[in-house]
Amino acid sequence: MNNLKTPWSDKADTTAYPRPQMYRPSYHSLDGQWNYKIQKGNLDSEVDGLFDGVIRVPFSPECMLSGVDKCRLTNGFVQPDEVLIYRRKFPTHEQDRLAILHFGAVDYECKVFLNGNLVGTHIGGYTSFEWEVSEYLKDQNILEVRVVDPSDSMPISRGKQKINHGGIWYTPTSGIWQSVWIEYVPKTYIKSLKITPNLDEKFVNIKVNTNTSCEAQIILNGKTYPTQNGVACVPVNEPREWSPEDPYLYFFDATCGEDKVHSYFAMRKFGMGKREDGKPCFMLNNKPYFMTGMLDQGYWSDGLYTAPSDDALIYDIKLAKECGFNTLRKHIKVEPMRWYYHCDRLGIIVWQDFVNGGGNYNKSAILTLPNIGIKIKDSNYGFYARNDKVGRDLYYKEMDEVVAQLYNCPSIALWTPFNEGWGQFDSLKVCEYLKTLDNTRLIDHASGWSDQGGEIRSIHRYFISFKMPHREKRPVALTEFGGYALKVDGHTFVDKAFGYAMYADSSALDEALRKLWQNQIIPAKKQGLCASIYTQVSDVQDEVNGIVTYDRQVVKVDAKALKALNDELTAQ
């Protein structure tokens, strides 16, 4: 069993309000101790005999912080033919108001019962969902959640989770892995907000979605702005522009009858343009802006998918900024909303990957053929192991959910629909559809290998030196590179560690990074490179190519020296 503790393991706490852009004070966390049972079965299976014990929600049974002994799990994780059943009791706090039951994320498919009544089902392991459950409430309540998780035994969205894990593939995470909570609202209440800043015209559009007809109001800086057909156009005179250097947020209230939510927005604009030398570039607030970032997979030695606390989330973001990075690429995972809130307020740009599935594709062919001039169109579903139409349809459904959930986050600059051919299909059509959901951000249609001619030329480069491509008219981004590895004894997940280039000690690693930046990245920026994403923030299980160990106990690099390199890289 992995016993690598982070600095927050012994004081883990997930009870901070889960949705900072939809804050209400009538919040009651249901995180904490639940009974659990793992047994052969499916979503219609009831508990067979006694419960196995107690699990700490929202930590998955596969991780240390859940309190579940891994010896109770077959091969250390919930199997595809098993059902994970949770149950807990809770009181009704407010009898005269509606009750909304929220789940941050449950991996993968679940059924939820309240006092024996089926509340609903949800498919997809990365997005939030909620139900109004007032009709089922009693003074004392029993909440039951049944979960099945096929992992990679089916072509579903699963990210880096793999039954036969190792190398760049990690232990499956099953069940509830983000917060569960209940909140009480008036009979007419605000269901959601959609916030669209317009920096050029100096206003912000705020759409207020309510459960029944109600003209809402926006209150900003002491002034009230009524909505018309649910939308308020709020002027922002002399806007203070959001950037990693000045992450200024505007806080406001949205009201509808007796309901009120507290939220925020930022005045910023992402786009593409040209530098003074005529080369294409990324733009922030109508000015050229070089995005230097790291790949961030969001794994924790004690909590797997779930950070042990808010302070842990903040630590990774601050460490990236201390090293001079202004961007994080959230890789094949959707984080809890608090992570995006901290990116918004601390000031770091986010590139957001969508989570993919699909079958076992021909990785070598997809990597090799483009390099010899053969491009395989991703409408060839068989070549990309995407023949399953149900899986392709689920991808679109989950894209709808992810964009709706993250649209309001000021820090998100770019969407990545596909990475290295994993689950890739119809990428240009997918981008067209994505733009109907959100036309305010950049799109990296196929990160790394299987370029289909999208708006960005996206390149991954390990093992060999990076050189700018010739005659490329699109913005060029180095969306993965480096992966330099250092194994720190006592802070590794396994004895046999993985990395793209191994170094003996921190001094050797620092020198290799200096050469990498000065010999490849900085010269490429001068030649037109628009962005670079180094692999990666932290070690993850077998991988030891993080700038910090998996347990966040040892920073392997000289942060000041790395910041100096990034400062040189981003200097105009």
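Tabulated data
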{"read-out": "Stokes-Einstein diffusion coefficient of the chain, Kirkwood radius over Cα pairs, 25 °C, 0.890 mPa s, in µm²/s", "value": "100"}
{"read-out": "Qualifying aspartates and glutamates (Cα of each under 16 Å from Cα of LYS11; at least 8 residues distant if same chain)", "value": "ASP31, ASP302, ASP310, ASP311, ASP551"}
{"read-out": "Electrostatic dipole magnitude of the stretch 200-270 [Cβ: Lys, Arg +1; Asp, Glu -1; Cα centre; debye, to 20]", "value": "60"}
{"read-out": "Low-density loop cleavage sites - trypsin sites (Lys or Arg not before Pro) in the stretch 107-182, where at most 15 other Cβ are within 10 Å (DSSP)", "value": "LYS138"}
{"read-out": "HIS470-LYS389 FRET efficiency (beta carbon distance; Förster radius 45 Å; 0.05 resolution)", "value": "0.70"}
{"read-out": "Total formal charge among the other residues, if their Cβ is under 10 angstrom from that of ALA497, Lys/Arg +1 and Asp/Glu -1", "value": "-2"}
{"read-out": "Point-to-point label distance, LYS560-GLU46, nm (Cα→Cβ direction, 7 Å offset)", "value": "6.7"}
{"read-out": "³J(HN,Hα), Karplus 6.51/-1.76/1.60, whole Hz, each residue of the stretch 283-297, x for Gly, Pro", "value": "10, 10, 6, 6, 10, x, 8, 8, 9, 10, x, 10, 6, 10, 8"}
{"read-out": "Zone residues, the stretch 256-282, relative to LEU437, backbone N less than 12 Å from point 7 Å out along Cα-to-Cβ", "value": "none"}
{"read-out": "The stretch 1-66: C-alpha gyration tensor shape, a/c 1.5 cut-off, then a/b vs b/c", "value": "oblate"}
{"read-out": "Long pairs among LYS5/LYS333; LYS269/LYS389; LYS223/LYS321; LYS330/LYS377, criterion Cα-Cα beyond 30 Å", "value": "LYS269/LYS389; LYS223/LYS321"}
{"read-out": "Of LEU486, GLY230, MET468, farthest towards positive along the dipole that unit charges on Lys, Arg, Asp, Glu beta carbons give the chain", "value": "MET468"}
{"read-out": "Order of PHE463, PHE481 - criterion: other Cβ atoms within 10 Å of each residue's Cβ, fewest first", "value": "PHE463, PHE481"}
{"read-out": "Leading residue at positive end of dipole, the chain (Cβ point charges), from GLY32, VAL557, GLY49", "value": "VAL557"}
{"read-out": "ASN164 paired with ASP505, simple spin-label distance in nm, labels 7 Å along Cα-to-beta-carbon", "value": "4.0"}
{"read-out": "Count of Lys pairs (Cα-Cα under 22 Å; at least 8 positions apart or interchain) in the stretch 400-546", "value": "11"}
{"read-out": "Positive dipole terminus of the stretch 244-381, leading residue within GLY298, PHE354, PHE282 (C-beta point charges)", "value": "PHE282"}
{"read-out": "Cα-based reach from LYS89 at 19 Å (exclusive), listing lysines while leaving out same-chain residues under 8 positions away", "value": "LYS37, LYS111, LYS138"}
{"read-out": "Cα-based radius of gyration of the stretch 200-270 once divided by 2.2 N^0.38 Å, which approximates compact folds", "value": "1.16"}
{"read-out": "For the chain, size of Cβ-based charge dipole, Lys and Arg +1, Asp and Glu -1, in debye", "value": "1460"}
{"read-out": "Loop-resident sites, the stretch 410-470, for trypsin sites (Lys or Arg not before Pro), counting at most 12 other Cβ within 10 Å (DSSP)", "value": "LYS467"}
{"read-out": "Segment ASP567-ASN229, extension gain: residue separation times 0.36 nm, minus the distance between their alpha carbons", "value": "117.0 nm"}
{"read-out": "Simple spin-label estimate for MET154 and ASN117 in nanometres, 7 Å along Cα-Cβ", "value": "2.8"}
{"read-out": "Cα-based Rg and Dmax for the stretch 336-376, where Dmax is the largest Cα-Cα distance (Å)", "value": "17.6, 45"}
{"read-out": "Residues ILE547, ILE374, ILE142, ILE459 arranged by fewest to most Cβ contacts within 10 Å", "value": "ILE374, ILE142, ILE459, ILE547"}
{"read-out": "Dipole magnitude (debye, nearest 20) for the stretch 160-284, charges at Cβ of Lys, Arg, Asp, Glu", "value": "480"}
{"read-out": "Exposure proxy order (Cβ contacts within 10 Å, fewest to most) of SER507, SER60", "value": "SER507, SER60"}
{"read-out": "Net lengthening on full extension, LEU369/PHE251 (0.36 nm per residue, minus Cα-Cα)", "value": "37.4 nm"}
{"read-out": "Given 13 as the ceiling on other Cβ atoms within 10 Å, longest exposed-site-free region of the chain for GluC sites (Glu not before Pro) in DSSP loops", "value": "277-471"}
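No lab work stands behind these numbers, since they all come straight from the coordinates. The structure presented is a predicted model; accordingly, all values stated were derived computationally and were not measured. Because the Cβ atoms are built from the backbone with ideal geometry, glycine has one as well, and the counts that use them run over all protein chains shown.
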